[in-house]
Amino acid sequence: MGGQVLRLQDVAVRRDGAALLRGIDWTVGADERWVVIGPNGAGKTTLLQVASTLLHPTEGVVEVLGERLGQTDVFDLRPRIGLASAALAERIPPEEKVIDLVLTASYGVMGRWTEEYDSNDVTRAVELIDMLGAAHLIRRRFGTLSEGERKRVQIARALMPDPEILLLDEPAAGLDLGGREDLVRRLSVLAGDFRSPTLVLVTHHVEEVPVGFTHGLLLRNGSVVAQGPLEHVFTADNLSRTFGLPLSIERTGQGRWYARAH
Ligand SMILES: Nc1ncnc2c1ncn2[C@@H]1O[C@H](COP(=O)(O)OP(=O)(O)OP(=O)(O)O)[C@@H](O)[C@H]1O
């Protein structure tokens, strides 16, 4: 699969006089796996909202899956985009069963009503839940899950409609060390699978970048500090400018990244 999945040209987002994003030029190719990294308030979530068509930019051109925002029906586009974020998790009814939460994603709804599910859909939902390591939770209600379990179930739901791009907003936030490592490992498997959608992962921490991710965009105060292949972008200088303090960064033999202050 080739081609461009996402293209932003000189994008700005302003709200109440504040520039949340400015001068963003960003192109994501279909086979790429991107990480968007930056400090609190840098504009990462705003950027994902633009990419997921939930937010229209104040200025600039946005093309998602070849369709230009403002000239296309976003309701046709949205089923082709997977998104997992804390804001979406808050809208999940706590009594919703894990299997139903994942299954209903095929219909773009939340909350099971009277739908009859296709057996292929049920098989796919079970496979995705299993792939995310949540097979034992399939009959549990969402509200009873731990933070880590919720994140994994949400990713299964986001993958259910077979999206062409998957946007993950801080999937490892709030996880303990074991939970983080488990999720990072599963995202590595996803990144390495040629059948996977294009991936964009937002995080605060280089330690959360799964092996197999190829590109990085560093964001500070709504502007891009650096972007491109990870091995060019993840330098001490770029990272120090992004987070506003002197940092060093190392890569392990396994391909994971670690940063620390001097
Ligand atoms: N309506 C608004 N008016 C003014 N400023 C806003 C508005 N909405 C968001 N902001 C600001 O825009 C900035 C970017 O927010 P955003 O949520 O995109 O950042 P982020 O990088 O995802 O942050 P975090 O890592 O803390 O989640 C923040 O400083 C936020 O306070």
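Every number in this text was worked out from the coordinates using simple rules, so none of it is lab data. Because the structure is a prediction, the values reported are computed rather than measured. As a convention, Cβ positions derive from the backbone with ideal geometry for all residues, glycine included, and neighbour counts pool all protein chains shown.
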Can you order the peptides 254-260, 166-172 by their average number of other Cβ atoms within 10 Å per residue, highest first? 166-172, 254-260
Most positive-pole-ward Cα, GLY41, TRP26, ALA12, against dipole of segment 1-46 from beta carbon charges: GLY41
Could you list which residues have their amide H under 5 Å from that of VAL36, counting only those 5 or more apart in sequence or on another chain, with H placed in the peptide plane? LEU201, VAL202, THR203, LEU217
Dipole moment magnitude, nearest 20 debye, segment 31-154 about Cα centre, only Lys, Arg, Asp, Glu C-beta charged: 460 debye
Sorting PRO57, PRO246, VAL225 by the position of each Cα along the dipole of the chain (Lys, Arg +1; Asp, Glu -1; all at Cβ), the one nearest the positive end of that ordering is PRO246
Segment 85-184: C-alpha gyration tensor shape, a/c 1.5 cut-off, then a/b vs b/c: prolate
By DSSP, what percent of the beta bridges with both residues in the chain are antiparallel, rounded to the nearest 5? 60 percent
For the chain, what is the mean residue ellipticity at 222 nm derived from helices alone (per DSSP H run of n ≥ 4: -39500 (n - 2.57); sum divided by total residues; nearest 500 deg cm²/dmol)? -8000 deg cm²/dmol
